[in-house]
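Trainee: My structure is below; once you've seen it, I'll send some questions.
Coordinate-derived values only; no laboratory data. On a predicted model such as this, the values are computed, not experimentally measured, just so you know. Backbone-built Cβ (ideal geometry, glycine too); neighbour counts: all protein chains shown.
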Amino acid sequence: MTGSQSFSDFVGSAAPHLLPGAGLAPQAGGGTAADALGVPHGTTIVALVFAGGVVIAGDRRATAGNVIAQRDIEKVFVTDTHSAVGIAGSAGIALEMVRLFSVDLEHYEKLEGVPLSLDGKANKLAGMIRQNLGAAMQGFVVVPLFAGYDTHEPDPARAGRIVTFDPTGGRYDENLGFHAVGSGSVFAKSSLKKLHDPGADLAGAVRTAIEALYDAADDDTATGGPDTVRRIYPVVVGITAEGAARRDEDEIAAVVDQVIAGRRERPGGPTR
């Protein structure tokens with residue numbers, strides 16, 4: 001047993017082959033190993049702060065090249081009582097990383113009796129991304145988006161926080177109040193730039209997130225729009241002082257119906 005309180009550090013010491021991205025061999029010839037294997041990729045994730053916390057949401061499509069690998073993949077996960085992570089990039093490694101991250105947070109809390117601080121959570125995730133650098137250089141890139149509620153912040157209007165990362169493990173606090181990652185992120189961020197209202201309530205923030213994902217799906221083939229026939233809707237998590245909770249599917253379906261009705265009147269979307 002190592003002296004560290006980190007479960008992932010223990011796994012790295014005792015069984016490093018179990019870590020995300022371990023054991024991947026270089027790809028001979030052109031292209032990356034990820035391309036050769038046809039690894040599914042998750043795409044667009046958005047996050048935005050509002051008056052009482054932060055919302056993070058993701059579409060449901062995974063792609064492998066020009067093929068839809070899965071229509072209903074889940075890419076946004078509650079990781080502890082006041083945080084959530086959305087994943088973009090190589091889906092298998094990203095899912096494994098988020099599971100290990102969640103276990104690490106629970107492991108720390110059981111040992112210490114208190115949750116890890118929000119900055120500590122972001123730094124922990126950054127370290128896990130850095131451990132995946134070798135795999136990222138082969139094309140198995142994972143770029144999560146972290147959202148959390150800082151329980152030590154006395155002002156609820158400032159407690160919602162968004163942290164972004166690069167493939168080397170660099171972490172960056174997002175101070176504009178919104179961000180997006182994945183193939184449709186440029187379109188989603190353009191939408192958020194118009195629609196984001198930091199003074200909105202939770203319902204308003206959820207509506208804005210879905211509008212941004214709709215805009216991303218309108219221009220990016222790798223981002224899936226809402227599928228009302230199959231009832232496949234974005235996964236949306238709201239994080240407030242009361243905790244992190246995935247929004248009910250019926251609630252999201254109702255918002256999607258409102259968005260679609262609005263697009264019939266104004267195909268380009270609303271402006272604030």
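Trainee: Which residue out of SER190, SER183 is surrounded by 17 or more Cβ atoms within 10 Å (Cβ to Cβ), in contact with a helix residue (DSSP H, G or I) (Cβ under 9 Å, 6 or more places away or on another chain) and polar (S, T, N, Q)? Spell out the reasoning first.
Mentor: On the way: SER190 fails: surrounded by 17 or more Cβ atoms within 10 Å (Cβ to Cβ).
Criteria check complete, one pass: SER183.
Trainee: Of all residues in the stretch 254-271, which are exposed (fewer than 15 other Cβ atoms within 10 Å of the Cβ) and either on the phi > 0 side of the Ramachandran plot or small (Gly, Ala, Ser) (or both)?
Mentor: Pass one, the stretch 254-271, residues exposed (fewer than 15 other Cβ atoms within 10 Å of the Cβ): 254, 257-258, 260-261, 264-268, 271.
Selection gives ALA254, ALA261, GLY268.
Trainee: Can you find, within the stretch 193-228, the residue that is nearest to VAL67 (Cα to Cα) among those that are of a type in the set (Val, Ile, Thr) and crowded, with 21+ Cβ neighbours inside 10 Å? Break it down stepwise before answering.
Mentor: We begin by selecting, within the stretch 193-228, every residue of a type in the set (Val, Ile, Thr); these are 206, 208, 210, 221, 223, 228.
In the following step, the residues that additionally are crowded, with 21+ Cβ neighbours inside 10 Å were identified as 206, 208, 210, 223.
Working: VAL206: 29, THR208: 28, ILE210: 24, THR223: 12 Å.
Restricting to residues being of a type in the set (Val, Ile, Thr) and crowded, with 21+ Cβ neighbours inside 10 Å, the top hit is THR223.
Trainee: Could you tell me whether ALA159 is small (Gly, Ala, Ser) and in contact with an Asp or Glu (Cβ under 6 Å, 6 or more places away or on another chain)?
Mentor: Considered against the rule, which asks whether it is small (Gly, Ala, Ser) and in contact with an Asp or Glu (Cβ under 6 Å, 6 or more places away or on another chain), ALA159 comes out as yes.
Trainee: Those residues that are closer than 14 Å to GLY148 by Cα and part of a helix (DSSP H, G or I), I need them from the stretch 102-127; list them, please. Working first, answer last.
Mentor: First, the residues of the stretch 102-127 that are closer than 14 Å to GLY148 by Cα: 102, 105, 115-125.
Residues satisfying the conditions are SER102, LEU105, LEU118, ASP119, GLY120, LYS121, ALA122, ASN123, LYS124, LEU125.
Trainee: Can you find a residue in the stretch 158-176 that is under 19 Å from GLY42 (Cβ atoms), buried (at least 23 other Cβ atoms within 10 Å of the Cβ) and touching a Leu at 6+ places or on another chain (Cβ under 6 Å)?
Mentor: Checking the stretch 158-176: not a single residue is under 19 Å from GLY42 (Cβ atoms), buried (at least 23 other Cβ atoms within 10 Å of the Cβ) and touching a Leu at 6+ places or on another chain (Cβ under 6 Å).
Trainee: Suppose we filter the stretch 145-178 for residues that are touching a helix residue (DSSP H, G or I) at 6+ places or on another chain (Cβ under 7 Å) and within 17 Å of LEU213 (Cβ to Cβ); how many remain?
Mentor: Total satisfying the criteria: 1.
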